[in-house]
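One structure is given here, and the rest of the page talks about it.
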Amino acid sequence: MSFVNVCSLAPAATATVVALGGRDDLVGVTHNATVDIDVPAVGGWLNPDYDRLAALDPDVVLTGDPLQRDVRDALRERGFSVRHREPARLDDVLAGFAARGDDVGRGAAGERLEAACRERVAAVREAVAGTKRPVVYCEEWDDPPMAAGNWVPDAVRAAGGRSPFVDPGARSHEVDRATVEAADPDHVVAHYCGRGGREAPDFDARGWRLDADVHVLDDALLNQPSPALVDGIEALAERLHPERVA
């Protein structure tokens with residue numbers, strides 16, 4: 001039996017609950033939600049309004065990411081039932097779909113979602129198998145420039161590329177011109193947080209000299225550990241290996 005009152009304070013959790021068929025279970029989200037859903041907002045994902053949240057009387061509150069640990073702890077101190085997830089690698093993200101299903105009483109749906117997403121990732125890996133792996137610089141932020149970490153290096157590898165700027169599972173971190181230029185990337189992927197895939201990097205203004213194809217993706221496709229990440233892997237593969245993936 002699913003929970004009838006779910007409040008999600010993590011955009012990835014919100015998107016995953018919707019993918020699980022739980023849209024009607026959600027009674028509250030944050031202003032940062034990336035899916036269109038008509039429920040009350042209870043503030044930002046790092047500064048929710050606890051009184052407004054309490055008025056919604058949720059059965060469970062969903063949080064995620066190390067940056068929300070303080071929010072998680074504050075919620076628990078106030079007596080809320082909290083389910084907190086911190087995926088770091090691609091496999092963690094995929095396993096997290098079943099875990100989120102358990103969190104909201106939709107275990108069977110979670111297992112189906114995980115299986116379907118794993119099949120899609122496996123199909124991409126098979127399509128790009130044996131191809132030359134181009135160097136891909138994924139930029140999560142531009143001021144200062146931040147190379148994407150967490151599950152993104154795994155996603156790039158699944159899509160048939162390699163991203164030598166951050167170790168898989170490590171947090172995103174600032175990167176300098178010399179490091180990026182020395183790696184001589186074949187592709188640059190800009191996926192800036194909160195900008196919806198609308199802005200490309202201005203390397204000329206920075207003084208960076210890169211001979212690379214530049215792609216702009218909605219940040220949810222790479223930054224969000226939800227089913228959107230699988231869309232992102234497919235989108236990456238289309239750009240890195242258009243002859244293999246359509």
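The values are calculated or read from the model by the stated rules, or taken from the named source; none is laboratory data. Please read these numbers as outputs of a predicted model, since none were measured by experiment. Quick reminder, even Gly has a Cβ in these numbers, built from the backbone with ideal geometry, and neighbours come from all protein chains shown. The area values use the complete protein model at the heavy-atom level, side chains included, leaving out ligands, DNA and RNA. Shrake-Rupley method; radii C 1.70, N 1.55, O 1.52, S 1.80 Å.
The listed residues are 18, 35, and the only one of them that is crowded, with 16+ Cβ neighbours inside 10 Å, farther than 17 Å from residue 85 by Cβ and within 19 Å of the chain's Cα centre (by Cα) turns out to be 35. Scanning segment 172-195 for residues being surrounded by fewer than 18 Cβ atoms within 10 Å (Cβ to Cβ) and under 17 Å from residue 143 (Cα atoms) gives a total of 9. Here are the criteria: (1) within 20 Å of residue 117 (Cα to Cα); (2) in contact with a Gly (Cβ under 9 Å, 6 or more places away or on another chain); (3) surrounded by fewer than 19 Cβ atoms within 10 Å (Cβ to Cβ); (4) of a type in the set (D, E, K, R). Tell me which single one residue 91 does not satisfy. Of (1) within 20 Å of residue 117 (Cα to Cα); (2) in contact with a Gly (Cβ under 9 Å, 6 or more places away or on another chain); (3) surrounded by fewer than 19 Cβ atoms within 10 Å (Cβ to Cβ); (4) of a type in the set (D, E, K, R), only one is false for residue 91: (2). Each residue in segment 63-106 was checked for being over 18 Å from residue 230 (Cα atoms) and among the hydrophobic types (A, V, I, L, M, F, W, C), and 7 pass.
Of everything in segment 94-106 that is small (Gly, Ala, Ser) and over 30 Å from residue 246 (Cβ atoms), the residue that is surrounded by the most Cβ atoms within 10 Å (Cβ to Cβ) is 101.
Could you list all residues from segment 83-95 that are of a type in the set (A, V, I, L, M) and not in a loop (DSSP other than H, G, I, E, B)? Quick ask: steps written out before the conclusion?
Filtering segment 83-95 for residues of a type in the set (A, V, I, L, M) gives 88, 90, 93-95.
Result: 90, 93, 94, 95.
Looking only at segment 93-117, residues that are touching a residue at least 24 places away in the same chain (Cβ under 8 Å) and at negative phi come to 13 in all.
The helices (runs of 4 or more DSSP H) found wholly in segment 136-246 and carrying at least 3 residues that are under 27 Å from residue 97 (Cα atoms) occupy 152-158, 220-223, 228-240. Pairs linking a residue in segment 209-221 that is small (Gly, Ala, Ser) to a residue that is surrounded by fewer than 15 Cβ atoms within 10 Å (Cβ to Cβ), with Cβ atoms under 9 Å and 6 or more positions apart or on different chains, are 212/184; 220/196.
How about segment 54-82: which of its residues are open to solvent by less than 70 Å² (accessible area, probe 1.4 Å), in a helix (DSSP H, G or I) and under 22 Å from residue 102 (Cα atoms)? If you could, list the steps in order and put the result at the bottom.
Here is the first cut: in segment 54-82, the ones open to solvent by less than 70 Å² (accessible area, probe 1.4 Å) are 54, 56, 58-66, 68, 71-75, 79-82.
Subsequent filtering for residues that are in a helix (DSSP H, G or I) retains 54, 66, 68, 71-75.
Matches in segment 54-82: 66, 68, 71, 72, 73, 75.
Flag: residue 109 matches the condition of being assigned to a helix (DSSP H, G or I), open to solvent by less than 60 Å² (accessible area, probe 1.4 Å) and farther than 30 Å from residue 198 by Cα.
Tell me, yes or no, whether segment 149-161 has at least one residue that is within 19 Å of the chain's Cα centre (by Cα), open to solvent by 70 Å² or more (accessible area, probe 1.4 Å) and modelled with pLDDT of 95 or more. Checked against the condition, which is being within 19 Å of the chain's Cα centre (by Cα), open to solvent by 70 Å² or more (accessible area, probe 1.4 Å) and modelled with pLDDT of 95 or more, segment 149-161 yields at least one hit. Cβ-Cβ distances below 8 Å connect the following pairs, each with a first residue in segment 11-33 that is within 15 Å of residue 98 (Cβ to Cβ), a second residue that is part of a strand (DSSP E or B) and of a type in the set (Ser, Thr, Tyr), and a separation of six or more residues or different chains: 13/63; 17/8.
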